[in-house]
Structure formats: structure tokens, C-alpha cells
Amino acid sequence: MTLADKPHTPLLDRVAGPSDLRRMPDTDLAALADELRAEVISAVSQTGGHLGSSLGVVELSVAIHAVFDTPKDKLIWDVGHQCYPHKILTGRRDRIRTLRQKDGLSGFTKRTESEHDPFGAAHSSTSISAALGFAVGRDMGRPTGDAIAVIGDGAISAGMAYEALNNAGAEGRRLFVILNDNEMSIAPPVGAMSSYLSRMYAAEPVARMRSMVEGMEAAMPEPMRSGARRARQLVTGLGGSGTLFEELGFDYVGPIDGHDMSQLLPVLRAARARARGPVLIHCCTVKGKGYAPAETSADRGHGVSKFDPATGPQASPAKPGAAPSYTSVFGTALTQEAARDDRIVAVTAAMPDGTGLSKMAARFPNRVFDVGIAEQHGVTFAAGMAASGLRPFCAIYSTFLQRGYDQVVHDVALQNLPVRFAIDRAGLVGADGATHAGAYDMAYLSNLPGFTVMAVADEAELMHMVATAAAHDEGPIAFRYPRGAGTGVTLPERGEVLEIGRGRVLEEGEDIAILSCGAHLPQCREAAAALREAGHTVTLADARFVKPLDSDLLRRLALGHRALVTVEQGAEGGFGSVVLHALAWMGLLDRGLAIRTICLPDRIIEQASPDEMYANAAMTAGDIFEVAQGALGTRAKVTPLALAR
């Protein structure tokens with residue numbers, strides 16, 4: 001995009017930080033919001049990212065920064081994927097077109113990036129807890145002002161948000177929670193809380209602040225106004241009871257139109273002036289607001305790739321012969337298994353499309369359960385179904401499963417229940433950065449008694465592991481696979497049930513053994529080819545199982561080679577540690593075997609393309625080659641052609 005193509009933004013050009021908004025007349029702020037929306041669309045069209053959620057909070061971002069004294073007042077965006085307008089308004093506009101790129105701005109809030117990001121985020125439902133922490137700090141004399149948490153209707157359905165609301169109400173400290181209610185998280189929101197908010201949608205303000213918001217309902221557009229008549233009794237209280245939020249100890253204000261500056265500004269100012277304890281301000285917004293292609297898309301433009309702003313988000317056309325994504329292969333394979341076995345059910349935590357379960361849901365809608373943003377509940381819910389005799393698949397991203405780890409331990413592992421964990425986004429994931437990198441699942445699952453843990457090397461192996469998990473009733477079982485396209489291998493008509501704890505040998509040699517575990521097998525193949533070109537004979541094996549480990553294969557590799565290199569897309573403490581532990585117990589470290597473990601380093605790998613991130617981690621084919629050469633005590637004088645290509 002050239003300078004001439006950028007939107008015309010004379011008001012926004014005058015904003016170097018939030019203090020400039022506070023000097024503007026109210027009549028300019030609505031126009032500023034229009035310019036800010038155009039700037040967000042322009043920037044995301046070049047970078048991709050979370051478009052719809054950011055467009056939905058443009059007016060809210062302007063109003064909050066115009067009313068509150070940020071950064072002294074601490075503004076905390078829940079999840080943070082809606083923070084692009086906030087970043088533009090807080091001195092980062094000159095870098096906004098580096099969003100989610102290597103060395104660029106994070107797609108979420110990040111403490112190291114700006115003083116205007118007081119608390120980092122990327123996973124949901126943490127904002128109220130953090131804001132209460134800041135409020136306690138303020139009341140104990142720390143140099144901080146008010147705390148404002150902005151949380152969506154999807155995120156507020158999670159258990160942690162309820163815990164925070166309950167604690168904040170009991171504490172009674174001055175605190176602001178702004179509920180951004182767009183009736184849309186990533187997938188359509190589910191559960192009783194969503195239904196409750198929908199019934200409150202566009203209802204009359206409560207009497208406590210009636211004088212401040214009188215008449216706003218009449219000014220609301222549809223469908224906000226249409227809900228008023230059917231929701232009025234519930235919102236204003238019936239038989240002496242108040243809203244759920246009031247019962248928890250909050251002063252409740254709203255709902256108000258989150259896109260109407262004439263409502264937002266007076267409500268926020270009055271709340272700031274009058275609040276003595278916790279206040280919840282209920283704002284109704286539209287995800288993707290102001291950009292028709294986002295407003296009309298199924299997910300309201302939640303996550304988009306680069307696009308033409310004039311025509312809207314464009315799906316990237318699949319390249320001829322391109323391999324299907326791992327997620328797609330999983331969804332298809334599980335649906336096929338479900339067709340053969342009516343005991344198979346599936347659980348997702350608000351990610352039916354992201355996990356591929358939408359395929360099974362389309363065919364077997366009564367056997368797929370979306371529990372909302374509630375991973376803890378989802379794991380125990382699956383455990384209960386397993387205890388009943390069903391065969392549940394719990395499909396959750398690696399980093400999101402971390403949120404339910406206690407339930408994995410206490411409710412699944414300790415009871416040896418056969419819950420099947422399908423772990424998507426294993427390894428480094430690219431633009432979402434460190435917050436979404438599936439680095440730890442091999443470590444945090446392999447130390448649990450009775451757990452079977454598998455790692456997928458290609459999409460055909462994924463089909464085999466789905467079939468294996470479906471047939472495994474002896475205890476909990478998990479299989480991990482990466483984000484993105486597969487390797488292009490030929491897919492079987494149906495997955496085969498693998499022998500538990502048995503790896504496979506792909507190439508035979510005598511000098512050095514490379515033991516791959518998971519989706520780094522292509523890089524291991526390249527390194528093996530380079531080693532052969534350098535004059536070494538190589539055995540290449542795929543472990544398949546992190547636990548139980550194939551001890552026979554491991555013994556064979558250790559006794560039959562001068563050196564052994566393990567490779568995994570996980571953190572220290574994972575597969576390599578399991579191998580070292582096994583070698584030690586078998587006495588195979590006492591025989592002069594040179595062994596190296598290649599894994600993610602003990603540091604955070606920042607956002608970039610996956611290839612760049614693995615290069616940063618020193619895990620390229622060339623790195624594997626160099627480590628193997630070092631283990632053999634040799635060094636190549638020239639780069640092997642296998643790597644030069």
C-alpha cells in the first residue's frame with residue numbers, strides 16, 4: 001500500500017497518545033472513531049489478524065482513553081485480540097503495520113511493548129482478576145489509579161471470570177468492569193450466561209443511574225431496542241432481586257450502545273465520578289462494526305489473512321495439489337470413526353471450527369459438545385462421559401489445555417479414565433507468538449501415570465493415531481499435531497490401530513541414529529540426507545510414542561550406533577528427557593554413547609513465521625546436521641548439497 005492509498009485521517013494524525021483525546025471536544029471524538037476504524041481496516045489488510053473484534057471496540061477504545069487517565073489508570077483488555085485500536089491510540093500507530101510480524105507489534109497486549117499495556121494477555125477471562133490486583137495495589141499505596149477491565153460476553157462465561165467477579169464483589173473496592181457484549185466470541189457463544197445477557201440486551205437502565213441514561217433506549221438501533229420490552233422485568237429486578245452482577249456486589253449500568261459516543265462518554269464519566277465500589281458497565285456492540293465484509297461473515301471477521309480493503313477478507317485459494325491441514329484431516333478422521341462407533345463423542349471449548357470438530361458436528365450434532373471458554377469444565381465433563389462408558393475426544397489447543405491441567409491430573413489421570421485428548425497447535429505456531437505456542441504438552445502429560453502420549457509425524461500418522469485413540473480403553477491417551485498444512489503424504493482410506501508404545505524405523509545405518517518424535521520428521525530427513533552425503537550412515541526412526549517409550553527400539557539405537565540425536569517440537573523436559581531417563585535406567589549411558597537432545601530452548605520464542613521461529617530455536621535441518629556432526633566428533637568443510645538446496 002502506498003501513502004496515497006492510506007485513509008484520510010486528519011484528526012487521528014493529531015493523536016500521539018491518550019492525552020490528546022482528552023483535549024479534544026466531544027464533537028470530534030465520533031469523527032475520530034471513524035478515522036480510527038478506517039486505519040484498523042487498512043493496517044490489518046496488510047498484516048492479517050483479529051479484525052472483527054478490534055472493529056467492535058473502536059468507539060469504546062476512544063471513549064475509555066478520553067475519560068480515564070491512562071496509563072496511570074490501568075486499562076486491561078481481556079484476551080487482547082481486540083486491542084488494535086488501543087495500540088494506535090497509545091503511540092504505536094507508526095508500527096501498526098508490523099502487527100504479528102517478526103520483530104513487530106504483538107497481536108495481543110504485552111507489558112514489554114508499552115506502558116499502556118499494564119497486563120499481558122492472549123488467553124481469555126483473566127482481566128477482572130488482574131484489574132482487582134491493580135485495585136488492591138492502589139489501595140495499598142502503589143502509584144496506580146483506577147483499574148478498568150474490558151471483557152467480552154464469551155470470555156465472561158469462563159469460570160475464572162466468575163471467580164473474579166465474586167471476589168471483587170466481596171472486596172468492595174472501586175473497580176470498573178466493562179462488558180463488551182457482541183453476542184459473538186469466536187464461535188457463537190453458548191451456555192446460560194450468554195442466554196442471560198441476551199435477555200438483558202437493550203433493556204432499560206437500572207434505577208440507580210436512571211437519571212444518567214434516561215432515554216438511551218429510544219435512541220438505540222435494532223436489535224438492541226427490540227429486546228427492551230421482553231427483558232425489562234429481568235434487568236430492573238423482580239420481587240426485590242437485581243441482576244446477577246448486582247447480586248455479586250457490583251453496581252450495574254446498562255446496557256448501552258457501545259457504538260454511540262453520546263451514550264458512552266456520559267456513562268463512563270458519571271461512573272468514574274460516582275463509583276465507590278465495583279461497577280459493571282454493560283455495552284452492546286457489533287463484532288466487525290462498520291465494515292460490511294466482516295459484519296456479514298460467519299465469524300464476524302474474527303481472524304483474517306491479508307485482504308483487499310475494497311473487497312473484504314479474501315480466502316487464500318488453495319494451491320493445486322496442496323496438502324490438507326492437520327486440523328481438517330483430524331476432523332474428517334474423527335467423523336469417520338464416529339460413523340462406525342456411536343460411543344464416540346467430542347468436546348470443544350468454543351473452538352468447533354479451529355479444532356475441526358465442526359465436521360463431526362455437521363453430521364452428528366448431538367454428539368459434539370461446545371462447552372464455551374471453559375477448558376477446566378470441558379476436561380472433567382469428558383471424564384464423566386468416559387466414566388459412563390462413552391468414548392470422548394477432548395479437542396483443545398495445546399496452550400488452552402494448560403488451563404485445564406489440574407482436571408487432567410485429578411479427574412482423568414488419577415482415575416485412569418479413557419479420555420482422548422486431540423491436541424492441535426502443537427509446537428511453534430507463527431504470528432500468534434509465544435502465548436499460543438504448544439511447547440509444553442509432551443512434558444506436562446508424559447509425567448502422568450497411565451497416560452499414553454503420541455506425536456504425529458505426518459497427516460497419515462494422524463489418521464492412525466485417531467483410530468488408535470478411538471480403540472484405546474485402558475486409560476487416557478493424547479496425540480499432538482501442528483498447525484497448518486500436512487506434508488502431502490498419501491492418506492489411507494482408514495487409519496490403522498497402532499501397537500501401543502511401538503516406533504518405526506524409516507532408514508537404516510550404523511554411524512548415527514536420529515530419533516524424531518512428531519512433526520519435525522521432514523527436517524530430520526533432510527539432515528539424514530546431508531549426513532549421508534558427508535559420508536556417514538544414518539538410521540532415521542520415528543518414535544511415535546512419547547509414552548510408553550519403545551524401549552526395544554531405543555536399546556537397538558543406543559547399542560548399534562556411535563551417536564544418538566533426539567528431535568522434538570517441544571520444550572526441555574519432554575521427549576528428550578524421557579529418552580535420557582530410560583537410557584540411564586537401562587545402563588546405556590555407561591557405554592560411551594554420544595547423545596544429544598534437540599528441543600525448544602529454555603527461553604521464549606517471539607512471533608515470526610514458523611520457519612523463522614524454528615531457526616531462532618536452532619532447530620533447522622542444518623542445525624540437526626551440525627549437532628549430529630558434533631556428536632560424531634566431525635565437522636563438514638562444505639555445506640552438503642542436501643542442505644544447500
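The values are calculated or read from the model by the stated rules, or taken from the named source; none is laboratory data. This structure is a prediction, so every number in the text was calculated from the model and none was measured. Positions of Cβ are generated from backbone atoms using ideal geometry, with glycine treated the same way; all protein chains shown enter the neighbour counts. Ligands, DNA and RNA are excluded from the accessible area calculation, which covers all protein heavy atoms including side chains. Shrake-Rupley method; radii C 1.70, N 1.55, O 1.52, S 1.80 Å.
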Residues I512, I477: which one is more than 25 Å from A382 (Cα to Cα), touching a residue at least 40 places away in the same chain (Cβ under 8 Å) and not charged (D, E, K, R)?
-> I512
In the set M465, M442, M454, which member is at pLDDT 95 or above, open to solvent by less than 10 Å² (accessible area, probe 1.4 Å) and under 19 Å from the mean Cα position of the chain (by Cα)?
-> M442
Among (1) in a loop (DSSP other than H, G, I, E, B); (2) buried (at least 19 other Cβ atoms within 10 Å of the Cβ); (3) at pLDDT below 95, the one test that G52 misses | (1)
Out of the residues in region 79-130 that are touching a Leu at 6+ places or on another chain (Cβ under 9 Å) and of a type in the set (D, E), which is nearest to V57 (Cα to Cα)?
-> D117
Any chance region 64-73 includes a residue that's at pLDDT below 95, open to solvent by less than 10 Å² (accessible area, probe 1.4 Å) and either in contact with a Phe, Trp or Tyr (Cβ under 8 Å, 6 or more places away or on another chain) or under 26 Å from L265 (Cα atoms) (or both)?
-> no
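When you scan region 476-544 for strands (runs of 3 or more DSSP E) that lie fully inside it, which ones turn up with 1 or more residues that are touching a helix residue (DSSP H, G or I) at 6+ places or on another chain (Cβ under 8 Å) and surrounded by fewer than 18 Cβ atoms within 10 Å (Cβ to Cβ)?
Answer list for region 476-544: 504-507.
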Just wondering, is there one or more residues in region 320-331 that are modelled with pLDDT under 90 and aliphatic (A, V, I, L, M)?
-> yes
Using beta carbons and a limit of 8 Å, which pairs, at least six apart or on different chains, have the first residue in region 626-641 and open to solvent by 30 Å² or more (accessible area, probe 1.4 Å) and at pLDDT below 95 and the second one assigned to a loop (DSSP other than H, G, I, E, B) and of a type in the set (K, R)?
-> none
Specify the residue that is nearest to P522 (Cα to Cα); the eligible residues are those in region 587-616 that are touching a residue at least 40 places away in the same chain (Cβ under 8 Å) and acidic (D, E).
-> E612
Tell me, which residue of region 561-607 that is assigned to a helix (DSSP H, G or I) and crowded, with 17+ Cβ neighbours inside 10 Å is nearest to the chain's Cα centre (by Cα)?
-> F575
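Results for (1) at pLDDT 95 or above; (2) farther than 30 Å from H436 by Cβ, shown as yes or no for each residue.
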{"position": "R525", "(1), (2)": "yes, no"}
{"position": "V546", "(1), (2)": "yes, no"}
{"position": "L554", "(1), (2)": "yes, yes"}
{"position": "A558", "(1), (2)": "yes, yes"}
{"position": "V578", "(1), (2)": "yes, no"}
{"position": "D590", "(1), (2)": "no, yes"}
{"position": "L593", "(1), (2)": "no, yes"}
{"position": "C599", "(1), (2)": "yes, no"}
{"position": "Q607", "(1), (2)": "no, no"}
If we ask which residues in region 116-142 are in a loop (DSSP other than H, G, I, E, B), open to solvent by 50 Å² or more (accessible area, probe 1.4 Å) and charged (D, E, K, R), their number turns out to be 1
Scanning region 377-403 for residues that are touching an Asp or Glu at 6+ places or on another chain (Cβ under 7 Å) and not hydrophobic (A, V, I, L, M, F, W, C) gives T380, R391, Y397, S398, R403
Take the residues of region 272-309 that are small (G, A, S) and open to solvent by 60 Å² or more (accessible area, probe 1.4 Å): which is modelled with the highest pLDDT?
-> A273
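Against the definition (modelled with pLDDT of 50 or more and either open to solvent by less than 20 Å² (accessible area, probe 1.4 Å) or farther than 25 Å from G303 by Cβ (or both)), how does A187 come out, yes or no?
The answer is no for A187.
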Of (1) closer than 24 Å to E39 by Cβ; (2) open to solvent by less than 30 Å² (accessible area, probe 1.4 Å); (3) in a loop (DSSP other than H, G, I, E, B), G145 fails just (1)
Residue, modelled with the lowest pLDDT, within region 95-108, restricted to residues that are open to solvent by less than 10 Å² (accessible area, probe 1.4 Å) and touching a strand residue (DSSP E or B) at 6+ places or on another chain (Cβ under 7 Å) = G107
By residue number, the members of region 400-439 that are among the acidic types (D, E) and surrounded by 20 or more Cβ atoms within 10 Å (Cβ to Cβ) are D411, D424, D432
Given (1) at pLDDT 90 or above; (2) open to solvent by less than 20 Å² (accessible area, probe 1.4 Å), E113 misses just (2)
Could you please tell me which pairs satisfy a Cβ distance under 8 Å, a separation of 6+ or placement on different chains, a first residue in region 369-394 that is under 16 Å from A469 (Cα atoms), and a second residue that is basic (K, R)?
-> G389/R343; L390/R343; R391/R343; R391/R420; P392/R420; F393/R420; C394/R420
Among (1) aliphatic (A, V, I, L, M); (2) without any contact (Cβ under 8 Å) to a residue 60 or more places away in the chain; (3) open to solvent by less than 10 Å² (accessible area, probe 1.4 Å), which single condition is A339 missing?
-> (3)
